[in-house]
Amino acid sequence: MKENADKKFKFPPIHLRLLLIFIFMIITIVPAIAQMLLLTGTFIQSAVDARRIELQGNGLILANKISKSLYLNNEEKEKNEAVDNEIDDFARIYNGRIVVTNSDFRIVKDTFNLAAGKINVAEEIIKCFDGESSNKYNSEKNFIVQTFPIYSPTEENKIDGVMLVTASTESITNILKDTRSKTDALFSAAIPIFLMVSIIIVNIIVRPFVRLGKSLARISAGDLDDKVNENTYTITKEISSTINSTLAKLKAVDQSREDFVANVSHELKTPITSMRVLADSIMSMEEAPIELYKEFMNDISGEVDRESKIIDDLLALVRLDKMAVRLNIEQTDINLLIKQTLKRLKPIAALRRIDIILETAREVKAEVDETKLSLALNNLVENAIKYNKEGGWVRVTLDADHKFFYIKVIDSGVGIDEEFRESIFERFYRIDKARSRETGGTGLGLSITKGIIMRHKGIIKVSDGEGEGTVFTVRIPLNYIK
């Protein structure tokens, strides 16, 4: 189910250039549109507020004139006509309508000449008579509605009438429409420019990645000597460094493989050459004594054993490299495993009068492959015996904490110079090749040992002993980590 879900929601690959162009267009156009909308809203609000203030000021002046002219009492006809004309002009200037209502709620003036003489009990009129003026803006129909009290010229604070002014804001809307049409035209012309600029900028941005891709293509074609030096951005510098590091490792692996093949050929050829020389020598002797024949045949048998050991070690190493060796993990008594290993090696140590000492701090049980760990330990102790001095000693210690167990193999030999310590785990590596062949070494033992320990998720280190010799330290988890 999970795999199906992953397939279902898996997005197709996106071209980096197209993605960046889209992002650039978004970050340039969207803010511009947002700014335009903000400015438009601000312009409308500011224009309407200005119109309201202007209307309120002029409306108060007109209401005051109506009050002083006794327009509502209809006593002075000439004055009434002058005020009447002024009301009409006011309505015409603001492209709106003025309705004047007296204290009886009867309309005495309507600039639209639609409701004169009728009763007007609109909510705004009633509120204005109660001393509450109205000032509203209808954005859908584009007009402002304001009411102005007409005070009595003789009695203080007495309201004789109400002037209701409806002023159009269509001129503001027209200006806005004109501005918006020009802005739209400007945007239409700017979009191709934005697109071209985005393409240019994106091409500049992705150019280092293109060069990086070309370098990788050459490397993929087999040119491992081609170094990647793309340092334009921090990320490309890091990628280049990682690629160059990987290339160095690949070249090292290739070189190691070539050296391995050469070493294998040499190691396998050496015993065969020795056997051939011995066989030719025997064949060239017509009447050689039987003891000489036996000696030669014994030497040939030794070379056969050496060849067999090299082949066995090579097979073990190849299996470890391919991770083909399946570990038979089980709870194992590490103390007993070490004792059994040392017991097998004591006869070899006795030949050189080397004492083997075991020191255990506690009983240790761990999840390991007993056979393979025994082989690794056998290689370490056997090397400590072979490359030791006559009458020397080998000390093996065992300790553990809550997470790991530790095995140390310490000898009284000549030690290993620091310059050689990184190389001793390489295949066929020998510090003293002549001495190694004398002791029967193939140069593969430590490489096999390291492979076994690493398969157990452990580590192995080499260091100087106290004053003399060498110390191999092995650390392996008590519980096997899959």
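At-a-glance table
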{"quantity": "Set of aspartates and glutamates near K214 by C-alpha distance (under 16 Å), chain-local residues within fewer than 8 positions excluded", "calculated": "D223, D225, D226, E230"}
{"quantity": "Backbone N within the stretch 170-210 under 18 Å of label point (7 Å from N138 Cα along the Cβ vector)", "calculated": "170-174"}
{"quantity": "Pairwise FRET efficiency - A82 versus L16, Cβ, R0 = 51 Å, nearest 0.05", "calculated": "0.05"}
{"quantity": "Cα-Cα P(r), the stretch 18-175, percent of pairs per 10 Å interval", "calculated": "10, 34, 26, 12, 7, 6, 4, 1, 0"}
{"quantity": "Contour excess over end-to-end distance, with Cα ends at I205 and N113 and 0.36 nm allotted per residue", "calculated": "26.0 nm"}
{"quantity": "Relative exposure of T111, T273, judged by other C-beta atoms within 10 Å (fewest first)", "calculated": "T273, T111"}
{"quantity": "³J(HN,Hα), Karplus 6.51/-1.76/1.60, whole Hz, each residue of the stretch 53-61, x for Gly, Pro", "calculated": "5, 4, 5, 5, x, 5, x, 5, 5"}
{"quantity": "Calculated FRET efficiency for the pair S245/K343, C-beta based, R₀ 56 Å, to 0.05", "calculated": "0.75"}
{"quantity": "Label point 7 Å beyond Cα of M454 along Cβ direction - residues of the stretch 352-389 with amide nitrogen under 19 Å", "calculated": "369, 372-380"}
{"quantity": "Extended-chain gain in nm, criterion 0.36 nm per residue less alpha-carbon gap, N479 and V121", "calculated": "119.5 nm"}
{"quantity": "Filter on K386/K482; K346/K482; K249/K372; K403/K482; K386/K457 - keep pairs with C-alpha separation over 24 Å", "calculated": "K386/K482; K346/K482; K249/K372; K386/K457"}
{"quantity": "Restricting the stretch 123-178 to GluC sites (Glu not before Pro) in coil, as DSSP defines it, with at most 14 other Cβ within 10 Å", "calculated": "E132, E140, E155, E156"}
{"quantity": "Rough spin-label spacing in nm, given labels placed 7 Å along Cα→Cβ, for S308 and R362", "calculated": "4.4 nm"}
{"quantity": "Local electrostatic count, K177, Cβ distance below 14 Å [Lys/Arg +1, Asp/Glu -1]", "calculated": "-1"}
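Read the figures in this text as sums done on the coordinates, not as results from a lab. Not measured: the values here are computed from a predicted model. Because the Cβ atoms are built from the backbone with ideal geometry, glycine has one as well, and the counts that use them run over all protein chains shown.
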